[in-house]
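The structure appears right after this line, and notes come after that.
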Amino acid sequence: NSHRLYGHTYDLTGKISANPYLQLKWSYDVPKIPTVNATVSARWTDMGMLNFGTNNLSLSFFNARQEVYVSNIKWKKLDIRGGLRNDIFNVRNVKSSQIIGDYDLDHLNNDYPSLFMDARTYTFDDGYFPTRGVSAGASYSWTFAGIPTMIHNFHTVQADAKVVVKAGEIFSFIPSFNFRFLFGPDIPVAYFNAMGGSMPGRYVDQQIPFVGITNLAAMKNILTVYRMDLRFRLAKNHYLTGIVNYARDCDTFRGYTEGLGYFGAGAEYSFDTIFGPISANIHWSNLTNKVG
């Protein structure tokens, strides 16, 4: 029978067969309420000599992060979370002939508390090779202090979206964009805008993928990346993708249209195994003028 317990329903059913056994089923509709989370993490990253724009960069850093935030907040089709984050950075071995962007190289070892909020919607039908759906998100953080060295507070705004448009049984068009904006004076170098590689966040959390740069490039405070993938399904688990992307960066929006920007293109082969995809690509960009 179905009963009600404190305003919620539960079912209790029994079944007897020729081989006697009793099967009980109890389902309880728990109301969806926000979840309080606490996380602690630490990592050491040594990027060695990578391309820092058109210059060489040697950068190593230690980062310890603590977060207390609320998640499981649903609004329409958005999943929202927000709370307090604290980042301890110990940046070492910074060597570069020039830093691209208005970043502060004096505050290499400091503690940065911030408030943040993220929102995301995800409707892809597959985690690796979707044929339909949308993935889109936006995030904001306000870094309001530096400990023990005081800093000017600054704001970080990021947004991204990707849409899969299926064309028959073989082709899929996948347009996407990724923006990251930094607002404020003397932003610590640990928060610099970065793009390159095939994986988001590989070397630093804020890394935006850009086909045409093998490792990492540091960009100015206002960074936008636009991308188009044309994916071709060769066989059941084999895919070939042509990729073009274009990036623009500037210190302020008034200078956004200055210059030609950065163009990159590549071709990628992927094999979808039971453990996940294995991929390899060949690429070029006018930022490096090299094949990678």
Around Thr131: net Lys/Arg minus Asp/Glu count, Cβ-Cβ under 12 Å: +1
Long pairs among Lys32/Lys236; Lys76/Lys166; Lys77/Lys166; Lys220/Lys290; Lys74/Lys166, criterion Cα-Cα beyond 32 Å: Lys32/Lys236
Those GluC sites (Glu not before Pro) in the range 167-268 that DSSP places in a loop and that have at most 11 other beta carbons within 10 Å: Glu169, Glu258
Rough spin-label spacing in nm, given labels placed 7 Å along Cα→Cβ, for Asp126 and Asn289: 4.0 nm
Asn281 versus Leu260: modelled label distance in nm, points set 7 Å from Cα along the beta carbon direction: 2.2 nm
Alpha-carbon Rg with Dmax, taken over the range 145-292, Å: 17.4, 59
For the range 185-254: accessible area per residue (Å², 1.4 Å): 40 Å²
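The values are calculated or read from the model by the stated rules, or taken from the named source; none is laboratory data. Given the structure is predicted, the values throughout are model-derived calculations rather than measurements. Reconstructed Cβ throughout: ideal geometry from the backbone, glycine too, with neighbour counts over all protein chains shown. Protein only, heavy atoms only, side chains kept; ligands, DNA and RNA dropped before computing areas. Shrake-Rupley method; radii C 1.70, N 1.55, O 1.52, S 1.80 Å.
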